[in-house]
Amino acid sequence: MNTRKGSLPPRSNGPQGGRGQQNRTAPQTKTIKKKVKKRSFFARLTRMLLTLVLIAVVGGLGYAGYLYYKFDKGGFGTDQAVDSGQLASAKPLTMLLLGTDNRPKHPSNLTDVIMVAALNPDTESATVVSLPRDTYVELSGYKKNKINAYYARFKGKEDTSGLSAEDEMKTMMGKYLGIDIDYVTVLDFQGFRDIVDELGGVDVNISADMCYTDSVDGTDINLKKGPAQLGGDDALDYVRYRKSNCSPKTAASDDFDRNKRQNEVLNALVGQMQSLGGVLKIGKVMDAVGNNLETDIENEQIKSMIATYWKISKENISFVPVTGTWRSPYVYINDTELDNAKQSLQATLAGAAATGSSN
């Protein structure tokens with residue numbers, strides 16, 4: 001986990017987005033700190049806690065109070081102080097959630113999952129906007145590209161730009177969606193796979209047969225239609241499946257279907273973690289996350305988020321998937337849907353009730 005000790009600037013209360021946010025049209029000149037790997041039990045606890053906080057945001061994690069107790073008892077200090085007025089209990093927050101296509105046999109910083117969440121403590125509500133990985137982005141100040149390629153590009157320029165890829169992504173996505181983004185969390189797919197395995201698998205209803213093989217990166221997808229309990233490898237295949245090269249071929253899957261399956265698996269994992277068995281396995285899940293997660297959320301803020309949102313109801317969570325038209329190799333986003341997504345995020349930050357679809 002990257003906690004970026006001492007590298008985060010004070011939160012600004014400048015105007016933007018109807019909630020007193022600053023305009024970030026230019027990247028912040030923030031130097032990159034050397035990442036220090038923490039291998040103690042409490043470091044692993046923190047990584048897992050961050051993951052669970054994110055799941056709590058979109059699913060209502062019923063035992064987060066217990067996790068808060070364990071975290072607090074661990075005596076883990078804050079990496080950076082947070083002003084009381086900037087805590088999750090006092091103001092709305094936004095988070096960028098990135099899932100990278102990074103696996104042992106296929107290292108990559110491409111982001112297959114791109115979500116932005118807005119949370120409001122007064123209404124105890126959240127809006128989660130998801131964008132297709134192949135979204136065509138044409139944004140002033142940035143080279144035209146697929147949205148999933150920007151994080152990898154920023155990573156490749158860190159040494160010369162002096163800016164972290166995570167901060168660059170917050171700036172770019174904030175400009176794209178018209179809001180200020182407070183935090184970013186990056187979880188690679190190896191961490192996702194390990195979490196599923198430690199929880200004993202995930203239950204899904206596979207909508208159609210899926211078959212695809214790739215000897216280069218070791219992919220071997222062979223899933224059959226119908227209810228199934230998937231282990232980590234198969235669960236990753238399920239959310240990643242795009243096309244078939246088998247004989248006979250199975251039906252292809254677009255980015256919109258992939259986003260639906262991501263939400264399905266996420267909700268199923270929430271159910272697993274809410275169970276007694278999930279609670280009892282939490283120690284092993286902490287170990288499974290290992291070094292597969294990075295975030296810039298301060299420890300003090302984490303505790304405030306848990307205390308504020310652990311009781312959030314699914315009815316108060318608005319899922320807003322943005323779709324569009326596929327014209328190879330891009331998805332051209334529907335402008336009306338993108339505008340609606342922006343308005344939904346801004347409405348949540350302003351204190352309006354969630355209006356999108358919830359799962």
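The values are calculated or read from the model by the stated rules, or taken from the named source; none is laboratory data. On a predicted model such as this, the values are computed, not experimentally measured, just so you know. FYI the Cβ positions are ideal-geometry reconstructions off the backbone, even for glycines, and counts take in every protein chain you see.
Where in the range 176-227 are there strands (runs of 3 or more DSSP E), lying fully within it, with 1 or more residues that are at pLDDT below 85 and buried (at least 21 other Cβ atoms within 10 Å of the Cβ)? Can you show your working first?
Values: elements: 183-188, 202-206, 210-214, 219-223.
In the range 176-227, the matching strands (runs of 3 or more DSSP E) lie at 183-188.
ALA208 meets all of the listed conditions (1) over 25 Å from the mean Cα position of the chain (by Cα); (2) farther than 29 Å from ILE333 by Cα; (3) of a type in the set (A, V, I, L, M) but one, namely (2). In a loop (DSSP other than H, G, I, E, B), of a type in the set (D, E, K, R) and modelled with pLDDT of 95 or more - does that describe any residue in the range 94-111? Among the residues of the range 94-111, not one is in a loop (DSSP other than H, G, I, E, B), of a type in the set (D, E, K, R) and modelled with pLDDT of 95 or more, which makes the answer no.
When GLU315 is tested against (1) surrounded by fewer than 15 Cβ atoms within 10 Å (Cβ to Cβ); (2) modelled with pLDDT of 85 or more; (3) over 21 Å from ILE179 (Cβ atoms), just one condition goes unmet, and that condition is (2).
Those helices (runs of 4 or more DSSP H) of the range 235-311 in which 2 or more residues are at pLDDT 70 or above and buried (at least 18 other Cβ atoms within 10 Å of the Cβ) occupy 255-274, 299-309.
Which condition does SER125 not pass, out of (1) at pLDDT 95 or above; (2) farther than 22 Å from TYR238 by Cα, if it passes all the others? Tallying (1) at pLDDT 95 or above; (2) farther than 22 Å from TYR238 by Cα, SER125 fails exactly one: (1).
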